1. Run LEU443 past the list (1) of a type in the set (A, V, I, L, M, F, W, C); (2) surrounded by fewer than 17 Cβ atoms within 10 Å (Cβ to Cβ); (3) in contact with a strand residue (DSSP E or B) (Cβ under 9 Å, 6 or more places away or on another chain); (4) at pLDDT 85 or above and report the number of the one that doesn't hold.
2. Can you find a residue that is closer than 19 Å to ILE498 by Cβ, acidic (Asp, Glu), within 27 Å of the chain's Cα centre (by Cα) and outside any helix (DSSP H, G or I) anywhere in segment 615-626?
3. If we scan segment 90-110, do we find a residue that is within 30 Å of GLY276 (Cα to Cα), polar (S, T, N, Q) and in contact with a strand residue (DSSP E or B) (Cβ under 7 Å, 6 or more places away or on another chain)?
4. Those residues that are part of a loop (DSSP other than H, G, I, E, B) and in contact with a Phe, Trp or Tyr (Cβ under 7 Å, 6 or more places away or on another chain), I need them from segment 290-332; list them, please.
5. Which of (1) within 34 Å of the chain's Cα centre (by Cα); (2) within 21 Å of ILE534 (Cβ to Cβ); (3) modelled with pLDDT under 65 is the odd one out, the single condition MET381 does not satisfy?
6. Hey, does segment 61-72 have a residue that's at pLDDT 85 or above and part of a loop (DSSP other than H, G, I, E, B)?
7. Suppose we filter LEU591, LEU526 for residues that are part of a strand (DSSP E or B), over 23 Å from the mean Cα position of the chain (by Cα) and under 24 Å from LYS439 (Cβ atoms); which single one remains?
8. Out of curiosity, is LEU477 buried (at least 17 other Cβ atoms within 10 Å of the Cβ) and either among the hydroxyl-bearing types (Ser, Thr, Tyr) or at pLDDT below 90 (or both)?
Amino acid sequence: MHLKILLVAIIAAFGAASAQDWPNCRSSCGDVNITFPFGSGKGCYQSPEFLVTCDESSGEDIPYFGKKTSDLVITSISINMSEVEIMMFVGRDCYNSTGPIGRNRPFFTLGRLKEFRVSTKNKFVAIGCDTRAFVSGRRWNESKDIGTGCISWCGRNNLIKNGSCSGVGCCEAAVPEELSSFNMRLRSYINHSNIWDFNPCSYGFLVAEGKFKFSTTYLDNFESKKMPMLLDWAIGNVTCDEAKGMDEFLCMGNSECDKNYTGPGYRCSCHAGYEGNPYVEGDCKNINECLLEIHECKPNTQCKDTPGNYTCKCPDGYSGDGRKNGPGCTADESTIIKMVAGISTSAIFLLIFVAWLYLLLKKRKFILLREKFFKQNGGIMLQQRISGDGGSHDQAKVFTVEELKRATNNYDESRIIGKGGYGTVYKGILADRRIVAIKKSKLPDQTQAQIEQFINEVVILSQINHRNVVKLIGCCLETEIPLLVYEFIPNGTLSDHIHNKGKSSAITWDIRLRIATETAEALSYLHSAASVPIIHRDVKPMNILLDDNYVAKVADFGASKLIPVDQTELATIVQGTLGYLDPEYLQTNQLTDKSDVYSFGVVLVELLTGKKVLSFDRPEEERNLAIYFLYSLKEGRLFQVLDERLQLNDVPSEIIQVSRLAERCLRVKAEERPTMKEVAIELQGILASMVQKHPWVKSSSNEDEGEYLLKEPIIDYECTNDGIISNSSSSTYDSISKHTMLPIANGR
């Protein structure tokens, strides 16, 4: 079979090469085949965009993309895949003990070559132990930049693994669609301090998928100056239907427009059963499947070639389709047909019996599988824990598979109310008419320790009886991945109410302050009042739900950690959402309850400003909301960053006090932040004082307090050209700038 495929490839290659056998047209340059619409001589290419320059000056033929002005070497051209592979420069950013010693920031543009785009089959890769890498660019018909990026940090060296680009020593990101140009930037948090001996440089590049595999030796020296990158191409910038009426339309003869390609431009492909260059009229030749023995005819049939296809002729006395995947050849004699009809009647009864037996065995297998999952997921352990606690009414209920299927109409897509990195949430209606939220998690294979931790978490969360924590009603353990059942909160997330223009005006400052207070009370309860302290680890507006009265409910404990009573911190893999991550946790991997305090500080800033925590749509110095807020606070420009939908004429004392509290929560050193209990008490006091007076009346005491906060120099720092805040002393803002200026990223 491999020989047959090779013969087809040889015929196709010969047909493609023959299309270039015109005077003055080269068919190859070095190891690269040059086929139309590409060409290297006058009259050999479809348009100047497809010019290939073959440089012979070095004694070795080297093909360049376009005129030899950009040093973009071509390594392969694919007509069928509509791709060109070129060698693209590697960006690098190097340091020694004195500081930066060399920086290369590749810039790439296709200029007027509108037929070419940077392929999404490329990956943006960064190498380094102190590296922030960004790539941004434009589509040829747009003026707005789009981009992406990633962060590579080593932490403990034993986490670096060959072949892994997960963010430790190496990271990668998908490339935006249809880029015609891009600009690469590399940044460092700490100028590679203390790691020069094994990682003096950061590297960044775009590379075709499968053409790069990370090695730990690259941290010391990545010798490659260029890496293979793919470009997509098409003909012109009009659709197939528009191009068909033009004289220069190329899909002629036995070729057609590729209907799977949606533009811009169009692509040609040979009809089924034909091979060759679809851009050259008459070059798509019929494939003789019978001669090459690549047909699907049954052994007792005769293969007959037809234009673009073939038939399988049945032997004499038989008729039908002789293909292997067809109905086959049947005898023409009427006696045999009658015999088959008689046998089929008996077969029907046999089929009914077999089907009944199959369904019976399948049902039994399903029951056994449910029992297996129930035991595997710790069902017996959970029942023992529940019975051991006296079977309290507040204990978690263990649901069956059928109960939750009925509740969600068999998990109908119309019942989906949320999706995230940890699973999908469905709206369900139980038999007692209670409306619930059912979460199907995305969990890896569980160890026995993880099962015990899961059961422990279910028992603890089901016992939490706090009005501002979403109540865990129960779970189902009869599926491979356990299902969790929570109370249903109807009014959506806090994030939706802050950032949705149609909803944000409804949550006035007094409602926002109450939501912040209730959220702080819930987190304080989890940290200090629960039987086993719980660190949420993903505090953000997306995980704060609101009921019809805008009462806050903390939700989504998929990333939460239970902290043993005799411990104050846990060593974990960093997990959370960019923009809300505690910078000290990000650097040390040591999780503490102060990590939730930092994330809550970012939530306070969002409530005050109404802005998203990370956004490349804002000016560079405003992209990280937390840092920009602290900078505005220091410069006495608090009023300018407050949410304009609060409709304030001045800054009330309550907002000043909350802003001061947010600044303390956002301090990089965990020991300098307040506890959640202290935060909750302070917010309760602010809320209580506001209830006693009209919230927007400005008293003389407010003026004194406002002038103190808006004019007092908090700390000396400055904004550099890179948008990073730094100072000469060890300060909150210096540390934040080193560890939280992250690229834009989706929440989980």
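1. With respect to (1) of a type in the set (A, V, I, L, M, F, W, C); (2) surrounded by fewer than 17 Cβ atoms within 10 Å (Cβ to Cβ); (3) in contact with a strand residue (DSSP E or B) (Cβ under 9 Å, 6 or more places away or on another chain); (4) at pLDDT 85 or above, LEU443 is out only on (4).
2. Yes, segment 615-626 contains a residue that is closer than 19 Å to ILE498 by Cβ, acidic (Asp, Glu), within 27 Å of the chain's Cα centre (by Cα) and outside any helix (DSSP H, G or I).
3. No, segment 90-110 contains no residue that is within 30 Å of GLY276 (Cα to Cα), polar (S, T, N, Q) and in contact with a strand residue (DSSP E or B) (Cβ under 7 Å, 6 or more places away or on another chain).
4. Matches in segment 290-332: HIS295, GLY308, ASP332.
5. (1)
6. Restricting attention to segment 61-72, the residues satisfying the condition of being at pLDDT 85 or above are 61-64.
Filter once more, so that each one left must be part of a loop (DSSP other than H, G, I, E, B): 61.
Yes, there is a match, as at least one residue in segment 61-72 is at pLDDT 85 or above and part of a loop (DSSP other than H, G, I, E, B).
7. LEU591
8. yes
The values are calculated or read from the model by the stated rules, or taken from the named source; none is laboratory data. Note that the coordinates shown come from a computational prediction; the quantities given were computed from them, not determined experimentally. Methodologically, a virtual Cβ is constructed for each residue, glycine included, from the backbone with ideal geometry; neighbour enumeration extends over all protein chains shown.
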